[in-house]
Amino acid sequence: MLRASSPLPVSGEKGPMAAKSYAGAVRDEAAPRGQWGRAWEVDWFSLAGVLFLLLFAPFIVYYFIMACDQYSCSLTAPVLDLASGRARLSHIWAKTPSVTKEAAQIYALWVSFQVLLYVGLPDFCHKFLPGYVGGVQEGALTPAGVINKYEINGLQAWLITHLLWVANSHVLSWFSPTIIFDNWIPLLWCANILGYAVSTFAMIKGYLFPTNARDCKFTGNFFYNYMMGIEFNPRIGKWFDFKLFFNGRPGIVAWTLINLSFAAKQRELHGHVTNSMVLVNVLQAIYVLDFFWNEAWYLKTIDICHDHFGWYLGWGDCVWLPYLYTLQGLYLVHHPVQLPVPHAAGVLLLGLLGYYVFREANHQKDLFRRTDGRCLIWGRKPRAIACTYTSADGQRHHSKLLASGFWGLARHLNYTGDLMGSLAYCLACGGGHLLPYFYVVYMAVLLTHRCLRDEHRCASKYGGDWARYTAAVPYRLLPGIF
Ligand code: NDP
């Protein structure tokens, strides 16, 4: 499951009812709050995190990409050069490619093509792929009590895009397969333009013409609203859902194409593709394909069920995800590491094991929830903890928490599996540089913080029932340790 989620310390549903009123919005101040989404109020810690990320995240991305372009992926060399006076910021900036007409055209074509695949081509994969759930699917209940419908066609978009890529590489030759690498920095500026444009549009839309006014949240703090989003599920028309589109298409479909382009560049520069590059391509492709195969399940995850659409999803999906999740491939273009067979086998094993834990854990929860506990987990009837919660309209609902299988070992083993896979991608790059390890460090921060914020939310949503669950399953990510 892939998200450019923010490691921000976002507080859960707490504080007095301090939400501001807004055009078209109707909120019953007396109604109990549903336990969804981001905070209604901003504490200083959250605000500091928001300001830090708004100010520095674009520079972090630039720094990593520039370090590869100008310093062979050394993270320390630019700092040392600047500190010793060997380089000045203006020199580094002067050597940075600016946006080009070619990059702007490529990017515009790319995004338009993905929009076309998203809204213009209803899913046909579910008609011939047994077990695959596509076509029109329902999301989870929103705080205002709405159940949105989504056209699930991401697998189809991924397949068509990649078939075209392969056809171009072997038959059509419309463009070089190194096109992404060759325009990497000019494309970064285009991605930033889209990221900021969509986040700003989402903010304005939230105030002026929200898709569902009752599902908006306002804190009264401009920066927090901009970053964490106002609208829960902004849409244009019936089907163009911002969250589903921006997370999946410009971000995740691109991930595997970017890796393929990096592999092509490695071959062009060094005459061959290393086993490390193959490993990174294969392991990350499994993860990406898993996302699209399970896109309907993604509708029930935190991104869609709890996060509002703001800068951290809009800009994050356009810039952070495609640029920082692909650092391993970029690094391997500059450092073509050929791993000894036992090392490569170890990486493959860790990657596959991580994927298995991640997928199985997610699958167990999904199966349990879909069947209302009438299923088998590890061959047995699952242990369920009954729980109740209240939605924003004051309705009382019943649910269940799974305490068997991976969910009986720890409360978020799906995150642990994800982290094992993330570590495998990094280890594929050997031990020469820090840069490719950024991903696992980032994922560890992101998922630990996500785990804590999710648990905070679940605790306020389920109250004593959540306490019974945490007593039955005391560890979060590592059984016996944390
Ligand atoms: P989860 O799929 O773990 O969903 C958490 C929600 O599940 C909780 O809010 C609660 O929701 C419900 N829940 C919690 N415990 C139980 C239980 N015991 N039984 C039943 N339901 C339970 O979290 P995410 O949506 O964050 O993650 C989904 C996957 O995406 C993970 O595998 C994660 O690793 C991955 N991911 C990847 C990222 C990336 O950038 N690569 C970023 C973020 C996530 P409810 O209110 O319905 O009870």
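Read-outs: derived from the displayed coordinates by stated rules, not from any lab. None of these values were measured; they are calculated from a predicted model. Here Cβ is always computed from backbone atoms with ideal geometry, including for glycine, and neighbour counts include all displayed protein chains.
If you plug the beta carbon distance of Asp43 and Leu434 into 1/(1 + (r/R0)^6) with R0 = 45 Å, you get a FRET efficiency near 0.85.
Once you have a ≥ b ≥ c as the square roots of the Cα gyration tensor eigenvalues for segment 310-352, tell me rounded if a/c is under 1.5, and otherwise prolate or oblate according to whether a/b is larger than b/c. Oblate shape, in that a/c is at least 1.5 and b/c is the bigger or equal ratio. When each of Asp123, Asp317, Asp215 is scored by the number of other beta-carbon atoms lying within 10 Å, the sequence from fewest to most is Asp123, Asp215, Asp317. Of the complete DSSP H runs in the chain, those spanning 15 angstrom or more by Cα along the long axis with a mean Kyte-Doolittle score not below -0.5 are 44-71, 101-120, 154-167, 184-208, 254-270, 275-293, 341-370, 413-427, 438-462.
Its relative contact order, with pairs defined as Cα atoms under 8 Å and 6+ residues apart, puts segment 399-482 at 49 percent. Where only DSSP H runs of four or more residues are counted, the chain gives -17000 deg cm²/dmol as its mean residue ellipticity at 222 nm, each run worth -39500 (n - 2.57).
Evaluate the relative contact order of segment 110-238 (contact order divided by residue number), counting alpha-carbon pairs under 8 angstrom at least 6 apart; express in whole percent. Averaging sequence separation for qualifying contacts and normalising by length gives 16 percent for segment 110-238. Annotation: amide H of Ile152 within the under-5 Å range of Gly135, Val136, Gln137, sequence separation 5 or more or interchain, hydrogens built in the peptide plane.
For the chain, the residue among Tyr287, Phe59, Thr219 whose Cα projects farthest onto the positive side of the dipole built from Cβ charges is Thr219. Relative to one another, the C-alpha centroids of segment 382-459 and segment 44-87 are positioned 28 Å apart.
Within the straight-line cut-off of under 18 Å between alpha carbons, the aspartates and glutamates reachable from Lys381 are Glu360, Asp366, Asp372, sequence neighbours fewer than 8 places apart in one chain being disregarded. Among Phe64, Phe209, Phe406, Phe128, the order by Cβ neighbours within 10 angstrom, fewest to most, reads Phe128, Phe209, Phe64, Phe406. Charge dipole of segment 429-482 (Cα centre as origin; +1 on each Lys and Arg Cβ, -1 on each Asp and Glu Cβ, all else neutral): 120 debye, rounded to the nearest 20. For the chain, the dipole from Cβ point charges (+1 on Lys and Arg, -1 on Asp and Glu) about the Cα centre works out to 840 debye, to the nearest 20. Across the options Gly316, His270, Tyr355, the greatest Cα extent toward the positive end of the charge dipole of segment 249-380 (unit charges at beta carbon of Lys, Arg, Asp, Glu) belongs to Tyr355.
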